[in-house]
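Structure record follows, encoded as structure tokens.
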Amino acid sequence: MASNNTVSSGLAKPTRTLLLSGDDVEKKRDEILNYFHQTWDLYESLFDCLSEERAYFTKAISLRHPLIFYFGHTATFYINKLMAAGLIEERVDSDIEAMLAIGVDEMSWDDLDTSHYSWPSLAELRDYRGKVRQRVTDLIKQIPLTLPLNWESPAWVILMGIEHERIHLETSSVLMRQLPVEWLTPQPHWPACQRARNDRTAAPENSLVSLPESTVSLGKTDDTYGWDNEYGRLECRVNAFKASKMLVSNAEFYAFIQAGGYQNPQWWDEEGQGWLTFSNAEMPTFWVGAVSKPAGLKLRLMTEEVAMPWDWPAEVNQLEASAFCRWKADDTGKSIQLPTEAEWYVLREQVEGDQPNWAQAPGNVNLEWWASSCPVDRFAQGDFYDIVGNVWQWTTTPISGFEGFKIHPLYDDFSTPTFDGKHAIIKGGSWISTGNEALKSARYAFRRHFFQHAGFRYVVSTHQEKLTVNPYETDLLVSQYLDFQYGPHYFNVDNYARALVDIAEQVVEKRGSALDIGCATGRASFELARTFDKVTGMDYSARFIDVALSLVRGEERRYLMPEEGELVEYCQASLQAIGITPEQAARVNFVQGDACNLKPQQEAYDLVLASNLIDRLREPERFLRDITTRIAKGGVLMISSPYTWLEEFTPKENWIGGVRENGEALTSYQALQRLLTAEFSEVQPPADIPFVIRETARKHQHTVAQLTVWRKR
């Protein structure tokens, strides 16, 4: 590439993350509307780089959906969250909003998604996106606003959608980078940096800079939108350490390759060796050519391949970065490793200000410079380069919540599925990190095999370079359900899931396929798999589905149960303990889904079990109507519920029972008879099924659910 110090004028005008405070409500409304439109237009402009329709419908990698999903997904997110918040009452297109609601979060490099989908056409999604844009625009213009904005504000849901789309701006660009290059066309409004050293010997030499012992405070304090894992506080005392002045360049990383780094198992931990065996990697994934012929190597950018820019940062996953550090530690005799999150914060003190108040970004971030990486010595920040920007920087820190962490009720699966000790935090942002991603307080984490626009710098430090799996589940609700479904019996009350399945086995004649909807952590699904050929366990909460999937993999789930005060009991759950074999567990497919917005499907179930679900749905009558079409002739619907109707979950006008109708009491059972009699025959009289949920050692919920059983004619 030719040297060029100027910035292309093609990039979109940089945006600034909105402040939550202010003294002019209508001005803030205009800011939100402009931010929404800027984000929407920016996201759509990214897809200008796709030059043919195959690029939309072909998977870039087997672990992810094709880009057509992500083109529509960010729009469906607005509608699904606005519906959940009760801010809108009608969907734009329920089929699209079901199909494009949930993406694929690979938990391992070999989690191949072999499902087949009938995706909407590109024209359909463009039309859909136009309708959603107008719907959200209209909503922004009329929602009530009070300042400062907070979690309870209707505007928070809009900001959530905006920042979610900015995340997918980045992740979609990574997928584009993994498509065949001939399917993309460089665009003037997405210009790659033209400044590079194509001679490997001309790349800058890295060095170490000393930093004194210090104390840093982690936790969001700025006046901008944040994800739930950013809030809370953590004070960290950081020992003195040294950090590399620059990010590791392609040239510096090549020395590791030359030394046989990808072939020597000494530098790779167990997970890294497994990934190497699976991937057969011998160089970074975005390098093109023969590693033995460095002069001919190229680098794959988002839309093109260029001669290897040896002075740009090496973009690798965390496993590769860690292996490099072990090799360099052995080569130098120094304790070289990746930094912790706290150590990155020490570095971050050398960068003044933050994205909302920058006159111009101090590094290659926020799309203010190029649509690619750039030389590692281009942006000096204090004594270092690229503390912020260019590429994300891997750390050794597994993400978890700070003290005071709370789950946002409208996005309960944003953070907690990553609190497993297996997701490493990335810091600093990349060239395409905008919005919340470009803030100091941003906290994102990925599995160690994951590819992002991510590289690394190394440190000489006394901290332990090791990711450890969190030994005990600390999410109280998840722990409570694990105990409810897999824990001991209390007060001689039988296990609820087992009791329901016992009845199912008595009344269901054909044992083909079953659906356990509202499955939570999956006990009933596993029990059904003893006698059914195929079982689907579905729940709205990804936190529950993640637990169930880990049990399928044979993992033992440890969890904490409160005893009294700050005292806890250490418990564990496993399929082996309840007598479920690996063969039986393999019959269960766990999926995340919305019972009030089920995806279209061809399969009809022989059994649908809906336990403790009907009174927790926003539209229970719609669920009953939709689920009826998914039950085979002669199939059984089992509904078990204590009928604890609450407006917190179901608007009162949608309660099907527990109300007075024309002055007369209407019970939920009577309502079910009314709603189901046309299609079903009642198999047996209603039965009371008790269950006990432990809260503490001396406090339990003792509940009696009513079970009704219906056979489809």
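Residues are listed down the side, and each one gets a yes or a no for (1) out of contact with any Phe, Trp or Tyr (no Cβ under 8 Å at 6 or more places or on another chain); (2) farther than 23 Å from Leu19 by Cα:
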position	(1), (2)
Asn317	no, yes
Glu320	yes, yes
Ser335	yes, yes
Leu347	no, yes
Ala361	no, no
Glu368	yes, no
Arg378	no, yes
Asp383	yes, yes
Gly389	no, no
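Go through (1) of a type in the set (A, V, I, L, M); (2) touching a residue at least 60 places away in the same chain (Cβ under 8 Å); (3) not in a loop (DSSP other than H, G, I, E, B) and name the single condition Ala671 misses.
(2)
Do any residues in the stretch 638-657 that are over 24 Å from Leu515 (Cα atoms) have Cβ atoms under 6 Å from those of residues that are surrounded by fewer than 21 Cβ atoms within 10 Å (Cβ to Cβ) and of a type in the set (A, V, I, L, M), where the two are at least six apart or on different chains, and which pairs are they?
What qualifies is Gly657/Leu666.
Among the residues of the stretch 685-695, what is the count of those that are under 28 Å from Glu564 (Cα atoms) and open to solvent by less than 40 Å² (accessible area, probe 1.4 Å)?
Residues flagged as under 28 Å from Glu564 (Cα atoms) and open to solvent by less than 40 Å² (accessible area, probe 1.4 Å) within the stretch 685-695 amount to 4.
Could you check the stretch 225-255 and list, in sequence order, the residues that are over 32 Å from the mean Cα position of the chain (by Cα) and of a type in the set (Phe, Trp, Tyr)?
Result: Phe241, Tyr254.
Scanning the stretch 389-424 for residues that are touching a Gly at 6+ places or on another chain (Cβ under 6 Å) and at positive phi, which turns out modelled with the lowest pLDDT?
Here the residue is Gly404.
Given the options Ala101, Ala55, Ala75, name the one that is at pLDDT 95 or above, in contact with a strand residue (DSSP E or B) (Cβ under 9 Å, 6 or more places away or on another chain), small (Gly, Ala, Ser) and open to solvent by less than 40 Å² (accessible area, probe 1.4 Å).
Ala55
Could you tell me which of the residues Ala329, Ala359 is modelled with pLDDT under 95, open to solvent by 20 Å² or more (accessible area, probe 1.4 Å) and out of contact with any Lys or Arg (no Cβ under 7 Å at 6 or more places or on another chain)?
Ala359
Looking only at the stretch 633-668, count every residue that is on the phi < 0 side of the Ramachandran plot and in a loop (DSSP other than H, G, I, E, B) and tell me the total.
13
Applying the selection to the stretch 257-297, what residues are touching a residue at least 40 places away in the same chain (Cβ under 8 Å), within 18 Å of Arg200 (Cα to Cα) and over 32 Å from the mean Cα position of the chain (by Cα)?
Answer for the stretch 257-297, where residues must be touching a residue at least 40 places away in the same chain (Cβ under 8 Å), within 18 Å of Arg200 (Cα to Cα) and over 32 Å from the mean Cα position of the chain (by Cα): Ala259, Pro294.
Does the stretch 630-658 hold any residues that are surrounded by fewer than 15 Cβ atoms within 10 Å (Cβ to Cβ) and among the β-branched types (Val, Ile, Thr), and which are they? Can you show your working first?
If we filter the stretch 630-658 for residues that are surrounded by fewer than 15 Cβ atoms within 10 Å (Cβ to Cβ), which is where we start, we get 633-634, 644, 646-649, 651-653.
Listed by number, the list holds a single entry, Thr644.
Can you pull out the strands (runs of 3 or more DSSP E) entirely within the stretch 486-595 that have at least 2 residues that are at pLDDT below 95 and over 22 Å from Leu707 (Cβ atoms)? Step through it out loud before you land on a result.
Values: elements: 513-517, 534-539, 557-564, 567-573, 588-592.
In the stretch 486-595, the matching strands (runs of 3 or more DSSP E) lie at 557-564, 567-573, 588-592.
Just name the residue that is most open to solvent (accessible area, probe 1.4 Å) out of those in the stretch 605-629 that are assigned to a loop (DSSP other than H, G, I, E, B) and closer than 18 Å to Ala98 by Cα.
Thr629
Would you mind finding the one in Thr667, Thr644, Thr650, Thr628 that is modelled with pLDDT under 95 and among the β-branched types (Val, Ile, Thr)?
Details: Thr667 fails: modelled with pLDDT under 95; Thr644 fails: modelled with pLDDT under 95; Thr628 fails: modelled with pLDDT under 95.
After ruling out the rest, the residue left standing is Thr650.
Of the residues that sit in the stretch 238-275 and are over 16 Å from Arg326 (Cα atoms), hydrophobic (A, V, I, L, M, F, W, C) and in a helix (DSSP H, G or I), which one is modelled with the highest pLDDT?
Ala251
Sort through Ser430, Ser441 and tell me the only one that's under 23 Å from His164 (Cβ atoms), buried (at least 20 other Cβ atoms within 10 Å of the Cβ) and modelled with pLDDT of 95 or more.
It is Ser430.
So the check is Cβ under 6 Å with 6+ separation or different chains; which pairs have a first residue in the stretch 554-581 that's under 13 Å from Glu527 (Cα atoms) and open to solvent by less than 70 Å² (accessible area, probe 1.4 Å) and a second one that's modelled with pLDDT of 90 or more and outside any strand (DSSP E or B)?
Leu575/Leu551; Leu575/Ala585; Ile580/Phe526
The values are calculated or read from the model by the stated rules, or taken from the named source; none is laboratory data. If you're wondering where the values come from, they're calculated on a predicted model, not measured in any experiment. We place every Cβ from the backbone using ideal geometry, glycine too, and count neighbours over all the protein chains shown. Just so you know, the surface numbers come from the protein's heavy atoms only, side chains and all, with ligands and any DNA or RNA stripped out. Shrake-Rupley method; radii C 1.70, N 1.55, O 1.52, S 1.80 Å.
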